[in-house]
Amino acid sequence: MPDSGGPSSSPSLQVKFWGVRGSIPTPTPGNLGHGGNTPCVEVVLPSGENFIFDAGTGVRNLGIHLLKNRCPCDNLNVFLTHFHWDHLQGLPFFLPLYGKANTITFHSARPVSQLREILRGQMATPYFPVHFDLLAAEMQFAQITGKPTTFGDVDISSFALTHPEGANGYRIERNGAIVVYATDHEHGIPSADERLFDAAQGADILIYDAQFTPDEYPTHAGWGHGTWLEAVKLAKRAQVRQLVLFHHDPGHDDETMDEILAEARTHFPNTFAATEGTSLVTR
Ligand SMILES: [Zn+2]
Ligand SMILES: [Zn+2]
């Protein structure tokens, strides 16, 4: 469990990793040390209130956890970075959707009507037996804007990343504690890299798409993902406290991940490789 670097009694923000794998679930034995589920990250406040980022297959276990510990699941907020399947595929299995006492708001950069249609579309027949319109939970849809969305003392702002079909990162800030979730981003477009740098400045925890190694990158340029080397460069420049390598390539088994992490740590010692079922805390 890589918990570190903050008063364990009451960290301002806790980040829980429910899915860390990019592109496709890979529950093969060699990958299970880091995890085979696709992206889902939960940010939890000391009060227990939470914010959910992405609904990859990891969101299934989060839904089970929420029903056990927080029922009814009122006022859940799910922020989607984009709609590639690895970030959405767990949604039909997110059990809070099936309880009528639960209320869930989905947030994305798309207009509200588009967001709703996209979510309906992935559960349309013949892809899934339960139609989106029959889900029991009370659902709302919201479009993020240029201004932060405020929930009590938490501000969540968004910024555009470089990715096919577009993706948005999120910066979560509470009482000076900052978590930045920046997955599905390819470095190299200066304006986008600068936006990400601005968002990442001073972060306690920066979660960064490091799918490829620098050796693999040249044959994957344009696929919309980064490398651990770009991650450590950004972490240093933006003076973040903890760097989390995320969106692990399906072909990177635990041994490969350990090598990647060891190499990244020679550049930025406070680096972690996101691991399903673990958490990190801010100050
Ligand atoms: Zn992805
Ligand atoms: Zn993607």
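Key figures for this structure:
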{"read-out": "Subset of region 228-251 (residues that are part of a strand (DSSP E or B) and away from ligand 2 (no atom under 16 Å from the Cβ))", "value": "GLN242, LEU243, VAL244, LEU245"}
{"read-out": "Residues that are buried (at least 17 other Cβ atoms within 10 Å of the Cβ) and within 15 Å of ligand 1 (Cβ to nearest atom), drawn from region 206-226", "value": "ILE207, TYR208, ASP209, ALA210, GLN211, PHE212, GLY224, HIS225, GLY226"}
{"read-out": "Residues that are at pLDDT 95 or above and among the hydroxyl-bearing types (Ser, Thr, Tyr), drawn from region 1-37", "value": "SER23, THR26, THR28"}
{"read-out": "Within region 133-165, tally of residues that are within 16 Å of ligand 1 (Cβ to nearest atom) and either under 20 Å from LEU91 (Cα atoms) or more than 18 Å from the chain's Cα centre (by Cα) (or both)", "value": "1"}
{"read-out": "Enumeration of residues in region 87-107 that are within 16 Å of ligand 1 (Cβ to nearest atom) and not in a loop (DSSP other than H, G, I, E, B)", "value": "HIS87, LEU91"}
{"read-out": "Residues (surrounded by 17 or more Cβ atoms within 10 Å (Cβ to Cβ) and either in a loop (DSSP other than H, G, I, E, B) or in contact (Cβ under 8 Å) with a residue 24 or more places away in the chain (or both)) located in region 119-133", "value": "LEU119, MET123"}
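The values are calculated or read from the model by the stated rules, or taken from the named source; none is laboratory data. Just so we're clear, the structure is a prediction, and the values are computed from it rather than from any experiment. Using ideal geometry, Cβ is built from the backbone for each residue, glycine included, and neighbour counts are taken over all protein chains shown.
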